[in-house]
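The values are calculated or read from the model by the stated rules, or taken from the named source; none is laboratory data. Computed from a prediction, not measured in an experiment: that's the story for all the values here. Here the Cβ positions follow ideal geometry from the backbone for every residue, glycine too, while neighbour counts run over all protein chains shown.
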Amino acid sequence: MKQWRKFFYEMHPYLLVSIGSILLLLQIVLTCFFYNYKDWSVLANTGWIILWTAGFFGLMPIITFRRKGKVPKGKSYLHTTTLVDTGIYAIARHPQNGVAWVLINMGLMLVSQHWLVLVVGAVSMGFGYLDLLKEEQRCIEKFGDEYKQYMRKVPRINFLLGIVRYIRRRNA
């Protein structure tokens, strides 16, 4: 197991997310062809709600990092110089490339309801998750023990658990 983990960590930094992104694009195209395939409107509508929720989790990190991440002027929001553990990052460590990624894949599965979209989405989520593991290693290298403490406090992508923990921390 450790050999596989080392192999994935040492791969080109964008390989996993690139494969996952190609699969996500394929899933979007397939969803256009197989929209509401089973004609289950409740599932399709639920999928749209999940997709809008994914949009929230995709947008909030940009705003939060710009405000709290001490990003150097002229740099992308991804170039934070400090660990951000407030706002959306108080409920999920990876709201954009974790929560939003999973929600987009799940939303498309529900909107489409076709087995091929389900399979492509599941594989895309797998590549996304492997990329998250690599990202966590980079964060540990960048922020050290401070990030390890953050990992113990905030879940990786389970935002529902993150909300519960956040409420408990505020009430403690």
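Tabulated data
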| read-out | value |
| --- | --- |
| Pairs with Cβ under 7 Å, 6+ apart, first in segment 39-53 and among the hydroxyl-bearing types (Ser, Thr, Tyr), second assigned to a helix (DSSP H, G or I) and modelled with pLDDT of 95 or more | THR46/LEU110; THR53/LEU103 |
| Scan of segment 67-86 for residues that are among the hydrophobic types (A, V, I, L, M, F, W, C) and touching a His at 6+ places or on another chain (Cβ under 7 Å), ordered by number | VAL71 |
| Given (1) closer than 26 Å to LEU25 by Cβ; (2) in contact with a Ser or Thr (Cβ under 9 Å, 6 or more places away or on another chain); (3) surrounded by 18 or more Cβ atoms within 10 Å (Cβ to Cβ), index of the condition THR64 fails | (1) |
| Count of residues meeting criterion [assigned to a loop (DSSP other than H, G, I, E, B) and either touching a His at 6+ places or on another chain (Cβ under 8 Å) or surrounded by fewer than 17 Cβ atoms within 10 Å (Cβ to Cβ) (or both)] in segment 144-157 | 3 |
| Any chance ASP85 is modelled with pLDDT of 95 or more and among the acidic types (Asp, Glu) | no |
| Scope segment 52-102; condition in a loop (DSSP other than H, G, I, E, B), under 20 Å from ASP131 (Cα atoms) and among the aliphatic types (A, V, I, L, M); matching residues | LEU78, LEU83, VAL84, ILE91, ALA92 |
| Complete set of residues in segment 12-61 that are exposed (fewer than 13 other Cβ atoms within 10 Å of the Cβ), modelled with pLDDT under 95 and either within 18 Å of GLY98 (Cβ to Cβ) or in contact with a Lys or Arg (Cβ under 9 Å, 6 or more places away or on another chain) (or both) | TYR14 |
| Number of the condition not met by TYR37 [criteria: (1) in a helix (DSSP H, G or I); (2) over 28 Å from GLN149 (Cα atoms)] | (1) |
| Hey, HIS114 more than 24 Å from CYS32 (Cβ to Cβ) and surrounded by 17 or more Cβ atoms within 10 Å (Cβ to Cβ) or not | no |
| Filter result (more than 16 Å from the chain's Cα centre (by Cα), closer than 16 Å to VAL102 by Cα and either surrounded by fewer than 18 Cβ atoms within 10 Å (Cβ to Cβ) or at pLDDT below 95 (or both)) within segment 119-143 | VAL119 |
